[in-house]
């Protein structure tokens, strides 16, 4: 099929999603396979994100991640439309050698079930980490919140 057809469908899905949900929060588990350093390790995380689709789609997320001998706390600024996006932000890691600051970024594709490729740089080591995740909406939701300072939080 034609690339323009797919671009049109992609834009329509993004527009439809923005109309029906101006704000939303998500939470869910993530699993990554981390390539870099001396060994390959799996990591497990729980991540939450706030999305605002009112004008330009933006988000901020935060997570905690566990890997053999490492513990991370991170936050990323994100943008994307419906099924795909990018993100970047700081990461704090505790490992055998101490506490370290780094930077990570991701490209991802999802709706509720997603895949991503995360690139992380800590202690002058670059990690490439493909992963999968599940994100479930937890609130606030619906276009009723888009132009109101009285947010009705939906925690269903």
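Identify, please: which residue in the range 27-52 is at pLDDT below 90 and more than 18 Å from residue 122 (Cβ to Cβ) and is, among those, surrounded by the fewest Cβ atoms within 10 Å (Cβ to Cβ)?
Here the answer is 52.
Can you name the residue in the range 69-83 that is farther than 17 Å from residue 29 by Cα and over 15 Å from the mean Cα position of the chain (by Cα) and, of all such residues, is surrounded by the fewest Cβ atoms within 10 Å (Cβ to Cβ)?
If we take residues in the range 69-83 being farther than 17 Å from residue 29 by Cα and over 15 Å from the mean Cα position of the chain (by Cα), then 69 is surrounded by the fewest Cβ atoms within 10 Å (Cβ to Cβ).
What number of residues in the range 67-125 are in contact with a helix residue (DSSP H, G or I) (Cβ under 7 Å, 6 or more places away or on another chain) and either within 17 Å of residue 41 (Cβ to Cβ) or in a loop (DSSP other than H, G, I, E, B) (or both)?
Count: 2.
Working carefully through the options 58, 53, find the one that is under 17 Å from residue 24 (Cα atoms) and in contact with a helix residue (DSSP H, G or I) (Cβ under 6 Å, 6 or more places away or on another chain).
When all the criteria are applied, what remains is 53.
I'd like the full set of residues that are at pLDDT 95 or above and surrounded by 14 or more Cβ atoms within 10 Å (Cβ to Cβ), limited to the range 89-115.
Those that are at pLDDT 95 or above and surrounded by 14 or more Cβ atoms within 10 Å (Cβ to Cβ): 89, 91, 92, 93, 100, 102, 103, 104, 105, 106, 107.
The values are calculated or read from the model by the stated rules, or taken from the named source; none is laboratory data. Note that the structure is predicted; figures quoted are calculated from it, not measured. For neighbour counting, all protein chains shown are included, and Cβ atoms are generated from backbone atoms with ideal geometry for every residue, glycine included.
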